[in-house]
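Q: Take this structure first; my questions come after.
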Amino acid sequence: MTVGKFITFEGIDGAGKSTHIAFVADLLHARGKTVITTREPGGTALGEKLRELLLHEKMHLETEALLMFAARREHLAQVIEPALARGDWVISDRFTDATFAYQGGGRKLPLSKLAALEQWVHPHLQPDATLLFDVPLKVARARLQASRSPDKFEQEKADFFAATRAGYLRRAAEFPKRFHVIDSAQPIDNVHKALEKIVASL
Ligand code: TMP
């Protein structure tokens, strides 16, 4: 049985989600919560090795999806599940919705195969809240261009990110209670206000 809360941050590359993780962690600390921040792919020693491969090696698209879930299995066992069982709050920079968006939307793998892997790896666990940072493609692309050494995903073309963004929005429409879609192109004060509201509601 889980007693802590599990919050995931999502969005296409360049959506600006990572800058908001520290802000939400601080809000939770101020409320006396113990917070673990982690990321996917990664979050464990093995997961970080898989991340290196996933972000820099060419591979079959199904291998990519399988490795995402392999890293996730380890992450759940080593980090997420023990933390939730202790009553900690876990903030993960990406989780399974990213696989549905990137491998399902962007790479166009059948969603039924991803759903089968989701069922295998975490049949009973879903985030308590998923914060989807959404921006128009142009804004995300402009932010990405500032990145000096783009990884395999960041090098993808605009239509890949359009399909990935659509994949996220489909997922948000499917799970409206869990998802909070945040307009990440608005001024940062407004984003912070939206985040404060969400944290209070949790
Ligand atoms: P990050 O740059 O936000 O840390 O994420 C690493 C990259 O991995 C990002 O481009 C999205 C991608 N990714 C997937 O394609 N599928 C997944 O399931 C996850 C967790 C990440």
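Q: Using only helices, what value at 222 nm comes out for the chain when you add -39,500 (n - 2.57) per DSSP H run of length 4 or more and divide by the total residues, to the nearest 500 deg cm²/dmol? List each step's numbers first, then the result.
A: On the way: 9 runs with 101 residues, N = 202.
That calculation yields -15000 deg cm²/dmol at 222 nm.
Q: May I pose another question? On a straight-distance basis, which aspartates and glutamates could pair with residue 49 in a cross-link, Cα separation under 20 angstrom, same-chain partners fewer than 8 positions away excluded?
A: 40, 57, 62, 64, 74, 93, 151, 154
Q: Taking loop as defined by DSSP and a crowding limit of 14 other beta carbons within 10 Å, which trypsin sites (Lys or Arg not before Pro) in region 142-202 fit? If you can, show how the numbers build up before the last one.
A: Values: sites: 143, 148, 152, 157, 165, 170, 171, 177, 178, 193, 197; in loops: 148, 152, 157, 177, 178.
Answer in residue order: 148, 152, 157, 177.
Q: What per residue convex hull volume, in Å³, comes out for region 1-128 when only alpha-carbon positions are used?
A: Numbers: hull volume 12.9 nm³, N = 128.
Per-residue hull volume (Cα only) is 101 Å³.
Q: Starting from the amide H of residue 90, placed 1.01 Å from N in the peptide plane, find each other amide H under 5 Å away whose residue is 5 or more places distant or on another chain.
A: 5, 6, 7, 36
Q: If you look at just the Cα atoms of region 129-202, how large are its Rg and its Dmax in Å?
A: Cα only, region 129-202: 13.9, 38 Å (Rg, Dmax).
Q: Please identify the GluC sites (Glu not before Pro) of region 113-202 that satisfy two criteria: DSSP loop assignment and at most 16 other Cβ atoms within 10 Å. Which are they?
A: Values: sites: 118, 154, 156, 174, 196; in loops: 154, 156.
Here the sparse-neighbourhood loop sites are 154.
Read-outs throughout are calculated quantities, based only on the coordinates presented, and are distinct from any laboratory measurement. Model, not experiment: these values are computed from the prediction. Cβ: placed from backbone, ideal geometry, glycine included. Neighbour counts: every protein chain shown.
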